[in-house]
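*Asks:* Before we start, here is the structure in question, set down as structure tokens.
We did not get these values from a lab; they are worked out from the coordinates using the rules stated. Quick caveat: nothing in here was measured; it's all calculated off a predicted structure. Here the Cβ positions follow ideal geometry from the backbone for every residue, glycine too, while neighbour counts run over all protein chains shown.
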Amino acid sequence: MCIPSWGKDLRATFEERMPKFFFGHVIKKSSTKTVKVLVNQYVFNARAQRRLKVKTKLLTHDPEEKCNIGDFVKVRHTGENVSKRKAHIVDRIIRAQEQ
């Protein structure tokens, strides 16, 4: 019996599987240069044969402190941690909350 050898070229690395960016709403301004972003994602459950909504809260680095609560932002993964719990950075504000 021949067992195939799975090389690294056939396996997806973590960076390839990880989405490069997310879209979400700012729900909290935690501290200086930090905002909490709520990201909604849909995951298909094969057993139930339907899509499930998964909510993720990300601590995100906001270097210019321009984000306010309710803003719709594009968040990108930095590839390394900005701090102990932050690994994402605000790329741009797509729609600002009107005040």
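*Asks:* For the range 21-79, just say rounded, prolate or oblate: build the C-alpha gyration tensor, square-root its eigenvalues into a ≥ b ≥ c, call rounded for a/c under 1.5, and beyond that prolate if a/b exceeds b/c, oblate if not.
*Replies:* On the way: a/c = 3.22, a/b = 2.47, b/c = 1.30.
Taking the square roots of the gyration eigenvalues as a ≥ b ≥ c, the range 21-79 is prolate.
*Asks:* Just want the answer: with Cβ charges of +1 for Lys and Arg and -1 for Asp and Glu, which residue in L58, V82, I69 is farthest toward the dipole's positive end in the range 33-87?
*Replies:* Positive-end residue among those listed: L58.
*Asks:* Continuing with this model, one more query. Run down the lysines and flag those whose C-alpha is under 22 Å from the C-alpha of K28, throwing out any fewer than 8 positions away in its chain.
*Replies:* Partners found: K36, K53, K55, K57, K66, K74, K84, K86.
*Asks:* Can I ask one more? Please give the contour-minus-distance gain from K84 to A96: 0.36 nm per residue of separation, less the Cα-Cα distance, rounded to one decimal in nm. Write out the running numbers ahead of the final one.
*Replies:* Details: separation 12, 0.36 × 12 = 4.32 nm, distance 2.80 nm.
Taking K84 through A96 to full extension adds about 1.5 nm, to one decimal.
*Asks:* Let me ask something else about it. Give me the net charge of F44's neighbourhood, meaning all other residues with Cβ under 12 Å from the Cβ of F44; Lys, Arg count +1, Asp, Glu -1.
*Replies:* Working: positive: R47, R50, R51, K53; negative: none.
Combined, the nearby Lys, Arg, Asp and Glu give +4.
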